Structures are given as C-alpha cells and as structure tokens.
Amino acid sequence: MELVIALFIGLLYASGVYLLLRRSIVKLILGVFVISNATNLIIFLSGGITRSGVSFIADEAEKASLETMTDPLPQALILTAIVIGLGIAAYILALKYKYFETTGTHDLDQLSKTDQK
Amino acid sequence: MIIALPIFLPLAFMIFAFLFRHFHGREYVAIGAAALNLLISVFLLIEVNTDGMVKIQMGDWPAPFGITLIADRFSALMVLVSAIVFMATMAYSIQSVDSRRKSFGFYLFSFGILMGVNGSFLAGDIFNLYVWFEVMLMASFILMSHGGERNQLEGAIKYLILNLISSFFFVAGIGLLYGKLGTLNMADIAQKLMSYETMPPELNPAFILIFVGFAIKGALAPFFFWLPASYHTPPPVVTALFAGLLTKVGIYSLIRFYTLFLHQNSEFWQPLILWIAGLSMVIGVITATSQFEFRKVLSFHIISQVGYVVMGLGLYTVAGLAGAIFFLAHNMISKTNAFLVAGYVHRQKGTLNLKVLGDFYKEHPLWAIFFFISAFSLAGLPPLSGFIGKYLLIKAGIDAQQLGIAFTALFVGFFTLFSMVKIWMEVFWKKTPEKQPVPIIKTALFDDKPVYINWMTWSSGAMAIIIVLTGVFATPVVDYCTLAAESLMKPSEYINFVLNHTQEL
Amino acid sequence: MRNIVLERIANLFLYVMVGFALFLLLRGHNRPGGGFIAGIIAAAGFLLYGIVFGSEKVLEKIKINPRYIMGSGLLIAFLAAIIPMLFGKPPLTGMWTSLAGIALGTPLLFDVGVFVLVVGMIVSIFTNIMDVLKWNS
C-alpha cells in the first residue's frame, strides 16, 4: 500500500512539475495545486498506513492500541496544510484574474516587465 | 508569559482592523500597537538576558507533544530588531502610503507580517515554524499585490510561485523528517539525532529539502531570482518592510536548523554552506553594479549581505556566529533605512531611475545624510555598524583558517562600496541632467493628508541614529551577540531547557 | 432560467446544512467533527444557495457583511486563547466550567470561533468571486 501511494506521489510531482514548466499562467497555477496535494500526501504517508485501526474516540478508546492505531498527528498536519492551501488557492486565483484583467495575457513570457530593462 | 505577547498583540490589532474597517485614526492605533510591540520585545530581551532562555508550552501540554514557544538570546534579539524595523516602517507609512491602500487593509496585513515574523522567531516546533512562515507569506503576498498596478501584479506572481514552491519543499522535508523520527519538536529532534552514531542517510533528503526551502526564502545564491524581480514593484515602504524582515526569517531558521541539527553532519554541510555564502556574496554584488534602479541595486545587495550572514554560520565558531548575528541585526536596520530613503526620493521625484535623478543633496541635505549613514554602513565604513559586522566576520574567517571566504568577503565589501558610491553620485551629487536620457514615468502615490509631525523624517532619522550608535558603542552589542552565539553552539542547553532534563546529556 | 424545484431544494438544504454543521460543531470535542469541518459544511450550504440565487441573496440571507463575521470569529478564537492567560496559565490551555450539568470550556469557544471564521471566510471568498464573474446577473 505504501509503495502504491509513494508511486502515486511521484506521479503527482511529475505532473506538477510538467504543468509548472508550461507557458500558460493557468497551468502554472494548476501545477502549484497539484504539487501542494502531493506534498500533503507525503505527510500522510509519513505517518505510516495502518488499515482498520481504531483511533482514540471516546467510547472506543479502550479498544485502541498502539499496534493497530494510525498516527493521528500527520492528519492534523495535513488539515493545517489544506487550510493554508485553501487560502492560497483563493488568493492566487484572484491574483490571476486581476492580472488577466490588467494585461489581457495568459503567457508567462509576457512577464518580463519587472526584469532587466 | 511575556513570550506569547509578540504573537498575540499583532493578532489583537488584526482583529481590531477587521472589525473597525472605517475607523479613521487607524494609523495612530497602528503606531501605538507597534510601539507596544517594541516595548514588549525590550522586556522580552531583558528577561532572556537574565535567565538565558524563556519558554512557554501552548495549552499546557508538556514539551515533546505540545507546541513550544522558546526565546533564547538570538531570537530575542531578532524580535527586538524586527520590532524596531516595524515601528519605523509603520511611522513612515503614515505619509507614504496612499489612503486607498490604507483603507484596503495595509495595516491589517502589515501586522500579519509582524505576527508571522515574531512567530517564526519564537517557534520551537518545525511544523509551527512552517505555519508562521505561511502566515507571513500570505500577508506579504497581499501586500505585494496591493494596489494592483501592472508591475506589482507581475512581481507578485513571480514572488508567489517561487515562495510557494519553497514552502512545499519545506513541508515535504518536515513530512519525511516526521516519518523517520516521529517528532516535530526541535529539541526532541536534535536529541534523537544526537543519539545516532552517524546521521542515518534516510534523513539527508529531508534536510536537503528543508535547506532548499530556507535558501529560497532567504534568497541565497542559486535560488534568489524571485527577489530582484519583485522587490522593486510595491510601494517603497512595503519594500522596506520586506527587506528588513522576510529574507532574514529564512536565514534565522537556517541558523537555528544548522546549530541544532545539521552541524552533526558538518563535513557535508559546512563546505556547502560556505560555497553558497561565497556565491551569494559575489553574484549579488556583481549583478548589482549593472543595475540602474535605486531599489534594484539595493535588492541585489540583500542577496550579497545574506551571504555574509551565512558565511558566519558556515564558519561555525563562536566568533563567526557572533559576527553573523551582529551582521543580521545590523543589516535589518541599515537595509530598511536605505529603502526608506529610496521611498523619500520616490515621493519627491516620482521615479527611481538613477539616470534621471540628481541634485538630491542640494535639495534635501538631511535625507542625503540619512542615506549616507545607512548606505555606507552597508558598505562597511567605520565607525558605522556595518564595519563592526564585517570586521567580526572577516576576523572570524581568518581565525578559522578559511582564508578563501574571508578574502571573498573583503573584496565583496569593496564592490558594495562601489555600488553605494554609484547611488550617492547619481542621486545625491550629480546635477539633474538637462536632457533626460530616458522618459520619466512618475508613479509616486502618497497620502496628502496634513500631519503635525513629520513622521518620515523622524523614523528614518531614528534608524540612522541607531546605526551610528550601534557602530560607536558596539561593545555591549557584540558581547550580547557573543553570548547568544555561545548558547547556539551548545545545543544541549537548548534541548535540556525545552525537554526539562535536569541532568546533562 | 429559473428552476423552481432547485430553488425550493436549495432553500431547504441551507437549513439542513447549517443544522448539521451545528450538530458537528457541538459533537466535535469527543468524536469526529469540530469547528473547521462544521464551518465548511455550513459554507457549502450557503454556496449552493448562492449558485441558485446569486451572491446578493446570500448576503441578504446572512445580513452581516462577511468581513465582520470573519473578524468576530477571529475575536472569539482569540478570546479562547487569552482567557487562560488571565488566570496565569499558558495560552490556549483548556479551562472548563459547568453550567447545569453541561461542561463548557475554552476549547468549545475556540471551535465556535473557528466555525464562525471559516463560514465568514468562505462566504466572502465565493461571493466576491461570483460578483467578479457576474454570476446570475
């Protein structure tokens, strides 16, 4: 199971990098989202995957044991990362929209005004 | 208890700014809050200086499980210096930010940056550090694109994408580290690493990822491209705030990580860090010589000066670290002040193109003096604070037998002087060219509301006075930095303090 | 084009979602649930309502500017963080009191703050995006 998810993370990173290297800004932003989710999966995987374990919920707490229980901390970390990702996604899309409105272009090669004149 | 206040005070101000959006005295409330923050950080510094370290466990959860906030001498000094920088920029912004930006949350997001920066300095937990980084970055993204001019949006996209990627590197590194060690508390990680005979190779990818994340955030040599592409686009006071605070947080975290974790594998990291330091210094300073925009020259110099700090870290001796800490503090103040002067030039002339400007000394001699002080402090002329910083670093380099890097630092100092003299000649000394070589595009925007105190002059002047004073009376500051460096060199103290070990490791 | 069935359902669904969100919020301390999830679910109800009726109707429905909702959510969570400091404990420490047999404490206050903040944030994000895209107008 770990191997499958690890390969999947690799695939996500590959597609994210591919998207980042495209010339369109929209694809760049999609690439950022894909990489962000791949990173969340890394944290998820780092806690180890235990199937059918019980975490410590009030009335089933006595059934939980360290052997069968999944580590809850990475999930809390992912939640935090997702919340941050949500805020960033909203902001970055707004920024893209505003940029498109001012310049009317999607092309990354047009972003050369702030570089060497 | 006081250690939580540098985080909660900006949060309280942000809530105020959220709820009272149309309150007209918000500038003065912001200045009051910034002054209070300065006061708190002075008290924090005093308390840390007497006790050595201060910590607090959020939610009363004991150390490796709960979130630790910890201040040692290094982080207390950083909190104090960032409070000074923040105070100056807030006072300056009263006149230099246009009222549209102010009513659209300029102060709200500035305090967001302050909260993120203070949090990163005080965090004792790597995931918490990441969260503070994100708080800081979110606020800085918004300030960067605030106002929506074309250049700003372009700069913001570059800044945003590269910083997001660095965050992903950092958080992926945290994930791998957690998977191997099962803890996030910095002291606990350091303790677990110490228990290994040799560093297990599985940890190297994690540390490399984290290092690259910090290097992008701190604008070190191969990763600095976002900085000069974006720092000259927002209003000058925002650039001053960013230049003073943001990259320095990346460097702070790098120093913290190196002294706690990475030094245990120093035969790999030390040459790498020294090379990166040398490259940053040389590349930053040489590219700066070819620039003809006030703020771009200063932006490239940020890269070279970050290289100095990392050089002190790479030496990894008490003297080197003390020099690095002193240089970091000096650089935050001098750099901010140089950008504040750039903001004043921008306000008066409407442009920052060096070829167009001139005669500034004749028209505004006081501001010319402020620039002289901060720029030549950056270049390292005695008796200003930059001289002390460079002297400490180069001396430490020679003492540590790292002659190559020491001489690099020396030569880079000359080039810095060259760039600063160029700005001085072009902006302040020469006559305004009769026939303009390039068309002037006036972009200055500012608040014309009458004020009773000339806040711009006072804030920049206070910074200039601080630069001169830290240069002339450097001994207590250097002593303090040496103490801070000594405690950084003994990570076991930090570990014992956080984890409440009574016996020595 | 108006769609009567969808409008009725969206109107009803809003109350179901908000009710379920409140249930999850209160359940959150010991069982799965909590402020963030509850906030997302309530905001999803508002989102459906907004898709059907348009963003102005959402703002009419909640009556308060989402900005103030966000601010007050932040304030409530902030209070939960600093109340323990007034009693000399580290910030965010859980402090409990009981009122007629029901345990009330700062963690609940914190969750409520997060709930309000998330609802305000998501409503403000999607109403702004809808306004910009000129949805339903």
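The values are calculated or read from the model by the stated rules, or taken from the named source; none is laboratory data. Predicted model only: the values in this text are computed from it and were never measured. All Cβ positions, even for glycine, are placed from backbone atoms using ideal geometry, and neighbour counts span all protein chains on display. Surface accessibility is based on the protein's heavy atoms, side chains included, excluding ligands, DNA and RNA. Shrake-Rupley method; radii C 1.70, N 1.55, O 1.52, S 1.80 Å.
Which helices (runs of 4 or more DSSP H) sit wholly inside region C:45-137 and have at least 1 residues that are open to solvent by 80 Å² or more (accessible area, probe 1.4 Å) and at the interface with another protein chain (Cβ under 8 Å from one of its Cβ atoms)? First the steps, then the outcome.
On the way: elements: C:55-62, C:66-86, C:106-133.
Output list reads C:106-133.
Give A:Gly53, A:Gly48 a once-over and let me know the one that is modelled with pLDDT under 95, farther than 30 Å from A:Thr105 by Cα and within 12 Å of chain B (Cβ to nearest Cβ).
Only one candidate qualifies: A:Gly48.
Identify all residues within region B:254-286 that are open to solvent by less than 10 Å² (accessible area, probe 1.4 Å), within 23 Å of B:Leu177 (Cα to Cα) and part of a helix (DSSP H, G or I); write none if there are none.
Residues satisfying the conditions are B:Leu254, B:Ile255, B:Phe257, B:Tyr258, B:Thr259, B:Leu260, B:Leu262, B:Trp269, B:Ile273.
With B:Val309, B:Val318 as the choices, which residue is open to solvent by less than 10 Å² (accessible area, probe 1.4 Å) and of a type outside the set (Ser, Thr, Tyr)? Explain how you work it out, then say what you get.
Numbers: B:Val318 fails: open to solvent by less than 10 Å² (accessible area, probe 1.4 Å).
Only one candidate qualifies: B:Val309.
Here's the yes/no breakdown for (1) open to solvent by 10 Å² or more (accessible area, probe 1.4 Å); (2) polar (S, T, N, Q):
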position	(1), (2)
B:Ser96	yes, yes
B:Ser99	yes, yes
B:Val117	no, no
B:Asp125	yes, no
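Pairs under 6 Å by beta carbon, first residue within 17 Å of B:Met58 (Cα to Cα) in region B:103-125, partner part of a loop (DSSP other than H, G, I, E, B), six or more apart or different chains?
Correct list of pairs: B:Asp125/B:Ile67; B:Asp125/B:Leu184.
Is it fair to say B:Gly358 is surrounded by fewer than 19 Cβ atoms within 10 Å (Cβ to Cβ) and either over 23 Å from the mean Cα position of the chain (by Cα) or of a type in the set (A, V, I, L, M, F, W, C) (or both)?
No; evaluated as a whole, the condition is false for this residue.
Filter region B:114-158 for residues that are under 16 Å from the mean Cα position of the chain (by Cα) and hydroxyl-bearing (Ser, Thr, Tyr); which is nearest to the other protein chains (Cβ to nearest Cβ)?
B:Ser140
Check B:Ile56 against each of (1) facing chain C (nearest Cβ under 9 Å); (2) touching a residue at least 12 places away in the same chain (Cβ under 8 Å); (3) open to solvent by 50 Å² or more (accessible area, probe 1.4 Å) and name the one condition it does not meet.
Result: B:Ile56 passes all but (3).
Please work out if B:Gly343 is in a helix (DSSP H, G or I), of a type outside the set (D, E, K, R) and buried (at least 19 other Cβ atoms within 10 Å of the Cβ). Outline the logic, then answer.
Values: in a helix (DSSP H, G or I): yes; of a type outside the set (D, E, K, R): yes; buried (at least 19 other Cβ atoms within 10 Å of the Cβ): yes.
Considered against the rule, which asks whether it is in a helix (DSSP H, G or I), of a type outside the set (D, E, K, R) and buried (at least 19 other Cβ atoms within 10 Å of the Cβ), B:Gly343 comes out as yes.
If you scan region B:159-169, which residues turn out to be within 9 Å of chain A (Cβ to nearest Cβ) and open to solvent by 20 Å² or more (accessible area, probe 1.4 Å)? Full working, then the answer.
Of the residues in region B:159-169, the ones within 9 Å of chain A (Cβ to nearest Cβ) are B:160-161, B:164-165, B:167-169.
Matches in region B:159-169: B:Ile165, B:Phe168, B:Phe169.
Scan region B:21-53 residue by residue and report those that are assigned to a helix (DSSP H, G or I), farther than 22 Å from B:Trp455 by Cα and among the charged types (D, E, K, R).
B:Glu47, B:Asp51
Taking the stated definitions as given, is B:Phe18 part of a helix (DSSP H, G or I), within 14 Å of another protein chain (Cβ to nearest Cβ) and crowded, with 20+ Cβ neighbours inside 10 Å?
The answer is yes for B:Phe18.
Considering only region A:97-115, state which residues are facing another protein chain (nearest Cβ under 8 Å) and either open to solvent by less than 40 Å² (accessible area, probe 1.4 Å) or assigned to a loop (DSSP other than H, G, I, E, B) (or both).
A:Tyr99, A:Thr103, A:Leu111, A:Lys113, A:Thr114, A:Asp115
The rows are residues; the columns are (1) polar (S, T, N, Q); (2) open to solvent by less than 50 Å² (accessible area, probe 1.4 Å); (3) within 14 Å of chain C (Cβ to nearest Cβ).
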position	(1), (2), (3)
B:Ile3	no, yes, yes
B:Phe23	no, no, yes
B:Tyr28	no, no, no
B:Gly32	no, yes, no
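Here is a list: A:Ala76, A:Ala89. Which entry is more than 8 Å from every other protein chain (Cβ to nearest Cβ), under 18 Å from C:Val118 (Cβ atoms) and exposed (fewer than 15 other Cβ atoms within 10 Å of the Cβ)? Write out each step before concluding.
Values: A:Ala89 fails: exposed (fewer than 15 other Cβ atoms within 10 Å of the Cβ).
Only one candidate passes the filter, namely A:Ala76.
Has region C:6-27 got any residue that is closer than 14 Å to C:Phe115 by Cβ, within 14 Å of another protein chain (Cβ to nearest Cβ) and not aliphatic (A, V, I, L, M)?
Yes, region C:6-27 has at least one match.
Just the residues that are over 19 Å from B:Ala123 (Cα atoms), in contact with a Pro (Cβ under 8 Å, 6 or more places away or on another chain) and either aliphatic (A, V, I, L, M) or not in a helix (DSSP H, G or I) (or both), please, taken from region B:172-193.
Scanning region B:172-193 gives a single hit, B:Leu176.
Of the residues that make up region B:293-301, is at least one in a helix (DSSP H, G or I), farther than 22 Å from B:Ile423 by Cβ and out of contact with any Gly (no Cβ under 9 Å at 6 or more places or on another chain)? Spell out the reasoning first.
The initial filter retains those residues of region B:293-301 that are in a helix (DSSP H, G or I), namely B:294-301.
After this cut, where a residue has to be farther than 22 Å from B:Ile423 by Cβ as well, the list is none.
Scanning region B:293-301 turns up no residue that is in a helix (DSSP H, G or I), farther than 22 Å from B:Ile423 by Cβ and out of contact with any Gly (no Cβ under 9 Å at 6 or more places or on another chain).
Which condition from (1) more than 9 Å from chain A (Cβ to nearest Cβ); (2) outside any loop (DSSP other than H, G, I, E, B); (3) among the hydrophobic types (A, V, I, L, M, F, W, C) is the one that B:Met199 breaks?
(2)
Residues that are closer than 15 Å to B:Phe214 by Cα, more than 7 Å from every other protein chain (Cβ to nearest Cβ), buried (at least 23 other Cβ atoms within 10 Å of the Cβ) and over 20 Å from the mean Cα position of the chain (by Cα): does region B:174-191 have at least one?
Of region B:174-191, the ones closer than 15 Å to B:Phe214 by Cα are B:174.
Filter once more, keeping what is more than 7 Å from every other protein chain (Cβ to nearest Cβ): B:174.
Those left that are additionally buried (at least 23 other Cβ atoms within 10 Å of the Cβ): B:174.
Imposing the further condition that a residue be over 20 Å from the mean Cα position of the chain (by Cα) reduces the set to B:174.
Looking through region B:174-191, at least one residue is closer than 15 Å to B:Phe214 by Cα, more than 7 Å from every other protein chain (Cβ to nearest Cβ), buried (at least 23 other Cβ atoms within 10 Å of the Cβ) and over 20 Å from the mean Cα position of the chain (by Cα).
How many residues does region B:255-269 hold that are free of Cβ contacts under 8 Å to residues at least 24 places away in the same chain and aliphatic (A, V, I, L, M)?
0
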